[in-house]
1. Treating each Cα of the stretch 108-259 as an identical point scatterer and ignoring solvent, apply the Debye formula and state log10 I(q)/I(0) at q = 0.19, 0.20 Å⁻¹.
2. Please report the relative contact order for the stretch 172-252, taking Cα pairs under 8 Å with a sequence separation of at least 6, and give it as a percent rounded to a whole number.
3. What value in Å³ per residue do you get for the convex hull of the alpha-carbon atoms in the stretch 172-252?
4. Could you point to the label whose value was computed as mean projected area of the Cα convex hull in nm² for the structure here, given [x] 12.6; [y] 15.6; [z] 19.4?
5. Give the order of 129, 21 when sorted by the count of other beta carbons within 10 angstrom, beginning with the fewest.
6. Calculate the radius of gyration of the Cα atoms of the stretch 5-155 to one decimal place, then report Dmax, the largest Cα-Cα distance, as a whole number, both in Å.
7. If you line up the long axis of helix 18-33 against the longest principal axis of the chain, both from Cα atoms, how many degrees apart are they, to the nearest 10?
């Protein structure tokens, strides 16, 4: 069943990370545009961050070389360079079309996902029938891409921020951890591991941090200055990144926090 644009946006909002968002919403996006199959690629500059292919073949079966060929010489690459939708009603007559494998595609269109004046992704729509897609379909697809791009952009920004915090945390000397805004412990550095009060990959509430920090949720980690742990001789310093996560760092009681 084809969803309305508003319903598609609600499906996306149910998920937090960009890969899951793409996987869950792509079938509905293709149905909305009347496509048999297609793909959603998320980008950071010219680097592919996430990719989802809705077809019998998966992106695991598509080599990086083929994907880069499509982005360099294919219709997707044309849409990326020109920052506008590209339509190939008859792919066998369009020199921009580069096939990366089955199923056979006779009609295709690609639209860029733009946010903050940047192409953050590409939506591709495929059909086995010639002339399936026309200018009206391209306009509908472009409107869709325009509507969903900011939601994916937020997810990518969150992902990038968490990744940066994780790298900093791992290099910190003091016991440190990064917890995302949903309470998932994303990383615990070696010094924190030795204390055995937080464990990477579990939820914040499953660790001993709530007891030691005297909080019940990650959103309550917003105090200024040091806070003494309940049972260990450490002070806790936190740096909240609202909507992203929280950096928790421990120092010997009375010492200033440092990375």
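1. Here the Debye-derived log intensity ratios amount to -1.03, -1.12.
2. Numbers: 166 pairs, mean separation 24.5, N = 81.
Relative contact order for the stretch 172-252 comes out at 30 percent.
3. On the way: hull volume 6.4 nm³, N = 81.
Output value, Cα hull per residue: 78 Å³.
4. Calculated mean projected area of the Cα convex hull in nm²: the matching label is [y].
5. Values: 129 10, 21 25.
Result, fewest neighbours first: 129, 21.
6. Looking at the stretch 5-155, its Cα Rg and Dmax stand at 13.9, 40 Å.
7. The helix 18-33 is inclined about 30 degrees to the chain.
Since every read-out is calculated from the coordinates, none of them should be taken as a lab result. Being a predicted model, the structure only gives us computed values, none of them experimental. With ideal geometry, Cβ positions are generated from the backbone for all residues, glycine too; neighbour counts draw on all protein chains shown.
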